[in-house]
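K.L.:
There's a structure below that I have some questions on.
The values are calculated or read from the model by the stated rules, or taken from the named source; none is laboratory data. Quick caveat, the model's predicted, so the values are computed rather than measured. Ideal geometry is used to build each Cβ from the backbone, glycine not excepted, and the neighbour counts take in all protein chains shown.
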Amino acid sequence: MRKLRYAMVGGGRDAFIGAVHRKAMALDGEMEFVAGALASSAAKAIASGQDLGLASDRNHGTWEALLADELKRPEAERIDFVSVVTPNHMHFPVARAFADAGIHVVCDKPLVHTTEQARELAEVVARTGVVFGVTYNYTGYPMVREAREMVRNGAIGEVRKVIVEYNQGWLATRLEETKQKQADWRTDPARSGIAGAIGDIGSHAENLVATVTGLELESLCADLTTFVAGRRLDDDGNLLLRFTNGARGVLITSQIEVGCENDLRLRVFGSTGTLDWRQEEPNTLLHSPIDGPRRILTRGSAWLGEAARRATRLPTGHPEAFIEAFANVYLGVAAHIRAKSAGTTPLPGEADHPTLADGARGVRFIEKTVESAGSAHKWTRMD
């Protein structure tokens, strides 16, 4: 089985998440980094590619040059997919252009800036038939997949309430004034979009709830706050949620909670039990059944479901975490691409990755949260 060849747009010098993506794709030996346009500055893009050992003829100063070069190459030499890890404002033009050219796409979240862009992107993908993945990486954790399987199998009965929190403190001061790259673009509406914390990490919280519970959000009531003076986007959000099955939820997301690092936590309360998972302790899942003692389920254990076992590389007691979760998302995309190329259907559970539909729903969630926060009525339907 040959390795899938990929190109990357963004993720060069001084970037955080691009390096994580590359390490994740290298983990299982199924993907090969062969081309890129790694920065918005042509000089920085070329230098970044040189740092990473790209061949000079596939190390480009712009994403447009990258795409044009790939389309000139014989099909047998072209990339199999592109990974888009730019700031948010570039997701749409890059993803649309590559998908329109028939090249499979993996895009970081949030997918795009607007529902209109998401709809246009969906039309292109439907027309060309390309595989499209979105890197909501927390869905790749084995114990998140175990929680999803337990909910589907009725292990906690009917879901009644969900509480999801994503607590960070790194933007408790106006870090963007120092030109720190990650803070600079995330607090800039032109690049980040209409939302700050709710778009950056609140979108992960929404996706985690949807992935694990399968519930459809009916309406929400949002309170967004900008605590740091002079900041142009929200840095704290508190939402009440109503789901179509009658369940209720609370979503808390903040980047100004001093002392918090990357504290993502999900609790799902059902009629016969509760599940509790934390990203900072990702290898365990707490299950509290109504008719028995609390259980601590551990990653790698033989009695877990197939989805969790498939996402596990090491025996229990050997921690797996952030990069491995990304790698699991990419493995799902890779399986999807291989099946597509072979004209077959992926095996059940094999192509396990967030899709364009997940990304589009996340964009709608961000828009409706901002709409609710600015509304006197507050409760806002998801439509």
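K.L.:
Looking at the stretch 114-130, which of its residues are under 12 Å from residue 104 (Cβ atoms) and either of a type in the set (Ser, Thr, Tyr) or surrounded by 16 or more Cβ atoms within 10 Å (Cβ to Cβ) (or both)?
P.N.:
Residues satisfying the conditions are 125, 128, 130.
K.L.:
Picking from 149, 123, which residue would you name as being among the acidic types (Asp, Glu), assigned by TED's automatic domain parsing to the domain that holds residue 84 and either free of Cβ contacts under 8 Å to residues at least 24 places away in the same chain or within 22 Å of residue 215 (Cβ to Cβ) (or both)?
P.N.:
Details: 149 fails: assigned by TED's automatic domain parsing to the domain that holds residue 84.
After ruling out the rest, the residue left standing is 123.
K.L.:
Between residues in the stretch 29-40 that are closer than 18 Å to residue 86 by Cα and in the same structural domain as residue 72 (by TED's automatic domain parsing) and residues that are modelled with pLDDT under 95 and part of a loop (DSSP other than H, G, I, E, B), which pairs lie under 7 Å by C-beta distance while being six or more apart or on different chains?
P.N.:
So the pair list comes out as 39/13.
K.L.:
Would you please name the residue that is nearest to residue 191 (Cα to Cα), looking only at residues in the stretch 33-63 that are in contact with an Asp or Glu (Cβ under 9 Å, 6 or more places away or on another chain) and of a type in the set (D, E, K, R)?
P.N.:
That would be 44.
K.L.:
Given the structure, is residue 342 within 13 Å of the chain's Cα centre (by Cα), over 22 Å from residue 26 (Cα atoms) and either at pLDDT below 95 or surrounded by 16 or more Cβ atoms within 10 Å (Cβ to Cβ) (or both)?
P.N.:
no
K.L.:
Inspect the stretch 348-368 for any residue being in a loop (DSSP other than H, G, I, E, B) and among the β-branched types (Val, Ile, Thr) and give the result as yes or no.
P.N.:
Within the stretch 348-368, not a single residue is in a loop (DSSP other than H, G, I, E, B) and among the β-branched types (Val, Ile, Thr).
K.L.:
Pick from the stretch 328-339 the residues that are buried (at least 19 other Cβ atoms within 10 Å of the Cβ) and out of contact with any strand residue (DSSP E or B) (no Cβ under 8 Å at 6 or more places or on another chain): which of them is farthest from residue 314 (Cα to Cα)?
P.N.:
335
K.L.:
Anything in the stretch 44-60 that is aliphatic (A, V, I, L, M) and crowded, with 20+ Cβ neighbours inside 10 Å? List them, or say none. Write out each step before concluding.
P.N.:
Keep residues of the stretch 44-60 that are aliphatic (A, V, I, L, M), which gives 45-47, 52, 54-55.
Across the stretch 44-60, the qualifying residues are 45, 46, 54.
K.L.:
Condition first: of a type in the set (Gly, Ala, Ser), touching a helix residue (DSSP H, G or I) at 6+ places or on another chain (Cβ under 6 Å) and farther than 30 Å from residue 202 by Cβ. Can you find one or more residues in the stretch 50-70 that meet it?
P.N.:
There is at least one residue in the stretch 50-70 that is of a type in the set (Gly, Ala, Ser), touching a helix residue (DSSP H, G or I) at 6+ places or on another chain (Cβ under 6 Å) and farther than 30 Å from residue 202 by Cβ.
K.L.:
Here is a further query. At least 1 residues that are within 21 Å of the chain's Cα centre (by Cα), closer than 30 Å to residue 312 by Cα and not aromatic (Phe, Trp, Tyr) in each: list the helices (runs of 4 or more DSSP H) lying fully within the stretch 1-79 that qualify.
P.N.:
17-26
K.L.:
Just checking, how many residues over the stretch 152-186 are over 18 Å from residue 213 (Cβ atoms) and of a type in the set (Gly, Ala, Ser)?
P.N.:
The initial filter retains those residues of the stretch 152-186 that are over 18 Å from residue 213 (Cβ atoms), namely 167-186.
Adding the requirement that they be of a type in the set (Gly, Ala, Ser) leaves 169, 172, 183.
So the answer is 3.
K.L.:
When the stretch 284-314 is examined, which residues are found to be touching a strand residue (DSSP E or B) at 6+ places or on another chain (Cβ under 8 Å) and closer than 20 Å to residue 137 by Cα?
P.N.:
Those that are touching a strand residue (DSSP E or B) at 6+ places or on another chain (Cβ under 8 Å) and closer than 20 Å to residue 137 by Cα: 284, 285, 298, 299.
K.L.:
For residue 80, work out the one condition from (1) among the acidic types (Asp, Glu); (2) in contact (Cβ under 8 Å) with a residue 24 or more places away in the chain; (3) out of contact with any Leu (no Cβ under 9 Å at 6 or more places or on another chain) it doesn't fulfil.
P.N.:
(3)
K.L.:
List, please: which pairs have Cβ atoms under 8 Å, are six or more places apart or on different chains, and start with a residue in the stretch 93-106 that is free of Cβ contacts under 8 Å to residues at least 40 places away in the same chain and outside the structural domain of residue 128 (by TED's automatic domain parsing) and end with one that is part of a loop (DSSP other than H, G, I, E, B) and surrounded by 22 or more Cβ atoms within 10 Å (Cβ to Cβ)?
P.N.:
Partner pairs satisfying both residue conditions: none exist.
K.L.:
State yes or no: is residue 93 within 21 Å of residue 17 (Cα to Cα) and more than 18 Å from the chain's Cα centre (by Cα)?
P.N.:
yes
K.L.:
For the stretch 257-272, state whether one or more residues are among the polar types (S, T, N, Q), surrounded by 15 or more Cβ atoms within 10 Å (Cβ to Cβ) and closer than 30 Å to residue 175 by Cα.
P.N.:
No, the stretch 257-272 contains no residue that is among the polar types (S, T, N, Q), surrounded by 15 or more Cβ atoms within 10 Å (Cβ to Cβ) and closer than 30 Å to residue 175 by Cα.
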